[in-house]
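Everything on this sheet refers to the single structure shown next.
The values are calculated or read from the model by the stated rules, or taken from the named source; none is laboratory data. Note that the structure is a prediction, hence the values are computed from the model and not measured. Quick reminder, even Gly has a Cβ in these numbers, built from the backbone with ideal geometry, and neighbours come from all protein chains shown. Note: areas computed on protein heavy atoms with side chains; ligands, DNA, RNA excluded. Shrake-Rupley method; radii C 1.70, N 1.55, O 1.52, S 1.80 Å.
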Amino acid sequence: MSLPSSVYLGPQIMTINKREIEIQRENAAMVGLPYDFLVNPLGAVRSTFEKAISSGSNPASFDGKDWGALQPFQHFLFDQNGLSKVPILNASSAKWLQPNTLVRFRGMIQDMLGNEFYVGAYKDGSTWKTTKFMDSSQCPTGFSPDMRIWERRVLYCVPVPGQNSWTESSRLGESNNSAEGTSENRQKRCRMDENGVDHMDILAPSDELQNSSSGKKQKDEQLSPCSQNISTMATSRSTACNTARDFLPCIVKIYDTAESELKLNDVFEFIGVVTLDTELKVDKDDYDEFSNGLSEDLSVQFPPDMVPRLHCVIHRKLGVHDFLHTCHVLEPTTHRIKEIRTALLNHLTIALGNDAVAAQYLLLHLLSKVHARVDSMAVGKLSLNLTGFNKESMSIFGNQLRLTVKNLLPFTEYIPLTVEYLNTASLAPKKDYEINRLVPGVLQLAEGSHLMIDETQLEVGTLSLLGVENARLLKNLMELQKVEYDFKYYKMDMTTDVQLLILSEGKSNILPADLVVPFQPSALGSTAITDMDALEAWRWYLSNVRLLPHSIESEIQRVVENDLVAAKQADRNLGSQDLSRLLTIGRLICASYGETSLSLEHWQMVKELERLRRERLR
């Protein structure tokens, strides 16, 4: 079940350790509760089921419906602030979490594994029992007229591709181990999390960034053979973002939810019952009758001791803003937004070697998003090509820019584009019918991701058929905001919303960006951040301002139309996309000041900024 839109869930940074779970159990026993939600969520499920049966309800009516089990969970999680006490399932916490406890998992839906049937209710003597939100049925073997066969969806979810470590809402591997460190040390780690800046990112040497692919290879070689087999599909990306921290996929089982509510590549927080049973076995003879072998197939390909199962009770879709660590609600006043804008623009200008024009366009680029689609056009996108880079300047300004973006945006990916990369990379997701799985590609990204492409390493060479195909995929992503998924017998375009930034020596011939801006630094840049409150404010600004609505008053609209007609008459080469780009820049400049209606002043800024850019292109 999804949450109503009226429920606000702020960032959760509180952690819970094993001792706190024990205290929760003791408190529940003291007040006489028949169950507690953290350590015995199935007790709540059974209790509400028994109550529904005792009231005269027929179990046959519960297929695809809630009998009242969700309300107690909602009350505990949101009315009693229980959500902050629910541990987050990741590679660190999986080492100590107990099976059948309540957890939450944040991730992207990478594959939909189909539906499975299971024995949801059965009679034990004269008593009805349920196995909903459980991994395996405990009912008697064989079929009985008193069994109720229900259906649930199975999703394969992974940590969001390119998710930066500062977004981690709790470092469970550090703060949830009750035997590690003193209380003072734990508080210090918590304060570091609240600061929310990845110091490793800021201080990383340039050669480390350039050799991220080799670093990934070394990490992969250290994995056990079993770990490599399990994560082969999930880690087929060429970037090292997922291997920069522990990677844990999760099989999520969804109940009583419309199929249209959860889509491929959507990012969700799933709250439910986890099973980490290393002894879980599936009897093929028992399950084939109901599930067509899906459960057995999952156990073989995704062993439960490597890929946990989460039986989802409640889920909610997450946006970029849900991954921020802002500990206080910022006043969304126009004055406050202008202050944040000025500070952020100054930070970007310094990172770009005092190139104010490039910084202005970079800010608009970071605020861009697809807000509408007209025919094949993705309205609102603003890809940016900064030219004038070479290998030397890339090692300075390119890496500084990359670190700057990583510390501002939750999801960032990086591609060092070479002929070899194009000839070997798996960019498009592909369906493997032998294992009936969608094998992920580099371009299977969540909405709101940022992709930086370094073309300075691209040299003369021959593209193979795969290389040509990969170049076409990147071009389509740039122009249409679509990624073509290969289902072997047919191909399907999937819409996306990814910000693309290209760094190149000259104008990119492979990736035609919306804007080409020659980069002209006049000083060495810097990515140093000393004010953590300012950094949090910048992150809040970039994730929220881009969501503002936009309108143009009729008087301003006439001015804009006249200027566009004049521009078209002055330059017959201007097309509809060029004029649309001007309107997009106007919208983004307006939003950057926290305003929702284009003013004459904003429109003059658009024309002046474009004049400065065109001067550089001459």
Next item on the list: Restrict the check to region 312-329 and report whether at least one residue is open to solvent by less than 10 Å² (accessible area, probe 1.4 Å), assigned by TED's automatic domain parsing to the domain that holds Gln71, within 30 Å of Ala69 (Cβ to Cβ) and touching a helix residue (DSSP H, G or I) at 6+ places or on another chain (Cβ under 8 Å).
Entry: yes
Checklist line | Unmet criterion (only one of (1) touching a residue at least 60 places away in the same chain (Cβ under 8 Å); (2) among the charged types (D, E, K, R); (3) within 19 Å of Ala359 (Cβ to Cβ)) for Glu595 | finding: (3)
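Right, Thr424: surrounded by fewer than 18 Cβ atoms within 10 Å (Cβ to Cβ), over 26 Å from Glu168 (Cβ atoms) and touching a residue at least 24 places away in the same chain (Cβ under 8 Å) or not?
When the stated conditions are applied, Thr424 passes them.
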Check: Tell me, which strands (runs of 3 or more DSSP E) lie completely within region 322-427 with 3 or more residues that are over 30 Å from Met605 (Cα atoms)?
Finding: 412-416
Notebook entry, point to check: Out of region 80-105, which residues are buried (at least 17 other Cβ atoms within 10 Å of the Cβ), outside any loop (DSSP other than H, G, I, E, B) and not basic (Lys, Arg)?
Noted result: Gly82, Leu83, Ile88, Ser93, Ala94, Thr101, Leu102, Val103, Phe105
Next item on the list: Kindly indicate the residue of region 441-488 that is within 24 Å of Val374 (Cα to Cα) and part of a loop (DSSP other than H, G, I, E, B) and also most open to solvent (accessible area, probe 1.4 Å) among those meeting that condition.
Entry: Glu447
Next item on the list: Could you identify the single residue in Leu547, Leu524 that is at pLDDT 90 or above and either open to solvent by less than 40 Å² (accessible area, probe 1.4 Å) or among the aliphatic types (A, V, I, L, M) (or both)?
Entry: Leu547
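Provide a single number: the residues in region 535-578 that are of a type outside the set (S, T, N, Q) and closer than 17 Å to Ser383 by Cβ.
Number satisfying all stated conditions: 4.
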Notebook entry, point to check: Which condition breaks for Ile552 when tested against (1) open to solvent by 20 Å² or more (accessible area, probe 1.4 Å); (2) within 23 Å of Ser368 (Cα to Cα); (3) assigned by TED's automatic domain parsing to the domain that holds Ala378?
Noted result: (3)
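Yes/no matrix, rows are residues, columns are (1) at pLDDT 95 or above; (2) open to solvent by 20 Å² or more (accessible area, probe 1.4 Å):
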| position | (1), (2) |
| --- | --- |
| Ala567 | no, yes |
| Ala570 | no, yes |
| Asn573 | no, yes |
| Ser576 | no, yes |
| Leu579 | no, yes |
| Ala591 | yes, no |
| His602 | yes, no |
| Met605 | yes, yes |
| Leu609 | yes, no |
Checklist line | Filter result (at pLDDT 75 or above and open to solvent by less than 10 Å² (accessible area, probe 1.4 Å)) within region 276-303 | finding: Phe302
Note to self: Suppose we keep only residues that are assigned to a loop (DSSP other than H, G, I, E, B) and open to solvent by less than 10 Å² (accessible area, probe 1.4 Å) within region 499-519. Which one would you say is nearest to Val483 (Cα to Cα)?
What the structure shows: Leu511
Check: Only one residue in Arg618, Arg613 is at pLDDT 95 or above and among the basic types (Lys, Arg), so which one is that?
Finding: Arg613
Checklist line | Residues that are within 15 Å of His450 (Cβ to Cβ), in contact with a Gly (Cβ under 9 Å, 6 or more places away or on another chain) and not charged (D, E, K, R), drawn from region 352-385 | finding: Ser368, Val370
